[in-house]
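What follows is calculated from the coordinates using simple rules that are stated; it is not laboratory data. Bear in mind the structure is a predicted one, so any value in this text is a computation, not a measurement. No Cβ is skipped: glycine too gets one built from the backbone with ideal geometry, and neighbour counts run over all protein chains shown.
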Amino acid sequence: MKYCSNCGTLVELRVPEGDTLPRYVCSACSVIHYQNPKIVVGCIPEWEERILLCRRAIEPRHGLWTVPSGFMENAETLAQGAGRETLEEANARVEMGELYSIYNLPHINQVHVLFRARLLDLDFSPGIESLDVELFHETEIPWDTLAFRVIHEPLRRYFEERRQGKLGFHMGTIEAFRK
């Protein structure tokens, strides 16, 4: 950040009085510009033991598979955002179910929230951000071409719990890759 969105003056990175973290502070109007994690919302849409995945038409991870998800918008709830993303990426309508998982990704300042969901019909097709959308049985999931680490664990857990007949809620943290 270089300029204040309030008055246009240059900002400086410093710890404001009474705070403990460096923030961008306007040198003219003293507005403090807080930067907070982005929330990514999505769902695991299911239809008769299969789940809907989208093959990404955009970066990052173009051409790889993921569940429908994306950044939450202002003035929407978590569930509304997950439903909107499913409609945008897969032209699919869902009935949002229970909250399934929350994963912290502190290395990229994101929080990922996934719901369970039920497809309302089979009228789906690739949205503008997807090359393809397809229903997969557990044995057909393209595990080696899933786009994000934050999708692997919830999907594996989802199928395991579904086999056991009890789906629960999970929370975790995914750290940056270590070399």
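Assign one of three labels to region 118-179, namely rounded, prolate or oblate, based on the Cα gyration tensor with a ≥ b ≥ c the square roots of its eigenvalues; rounded applies when a/c is under 1.5, prolate when it is not and a/b is larger than b/c, and oblate otherwise. In terms of gyration-tensor shape, oblate.
Its DSSP H runs of at least 4 residues, each contributing -39,500 (n - 2.57), put the calculated 222 nm mean residue ellipticity of the chain at -5500 deg cm²/dmol, to the nearest 500.
Could you tell me how many degrees, from 0 to 90 and to the nearest 10, lie between the Cα long axis of helix 149-164 and the main elongation axis, the longest principal axis, of the Cα atoms of the chain? In the chain, helix 149-164 runs at an angle near 40 degrees to the longest axis. Between the alpha-carbon centres of region 14-34 and region 107-179 there is a gap of 38 Å. Normalised by the number of residues in the chain, the mean separation of alpha-carbon contacts (under 8 Å, six or more apart) gives a relative contact order of 21 percent.
Zone of His137 (label point 7 Å along Cα→Cβ, backbone N under 15 Å): which residues in region 146-179? Taking a point 7 Å out along Cα→Cβ of His137, the residues of region 146-179 whose backbone N falls under 15 Å are 163. So what's the net charge close to His112: Lys and Arg +1, Asp and Glu -1, counting the other residues with Cβ under 13 Å from its Cβ? So the surrounding residues net to 0.
Distance between the pseudo-spin-label points of Glu17 and Glu153 (7 Å out from Cα toward the beta carbon): 4.2 nm.
Inverting the pair-averaged 1/r between distinct Cα atoms of the chain gives 18.0 Å as its Kirkwood hydrodynamic radius.
For the chain, the dipole from Cβ point charges (+1 on Lys and Arg, -1 on Asp and Glu) about the Cα centre works out to 640 debye, to the nearest 20. Rounded to the nearest 5, what % of DSSP beta bridges with both residues in region 38-173 are antiparallel? Looking only at bridges with both residues in region 38-173, the antiparallel portion is about 60 percent. Relative protection proxy for 41-49, 114-122, 141-149, 73-81, from highest mean packing down: 41-49, 114-122, 141-149, 73-81 (other beta-carbon atoms within 10 angstrom).
Say R0 is 30 Å: what FRET efficiency, to the nearest 0.05, do Ile108 and Glu48 get from their beta-carbon distance? Step by step, r from the Cβ atoms, then E = 0.30.
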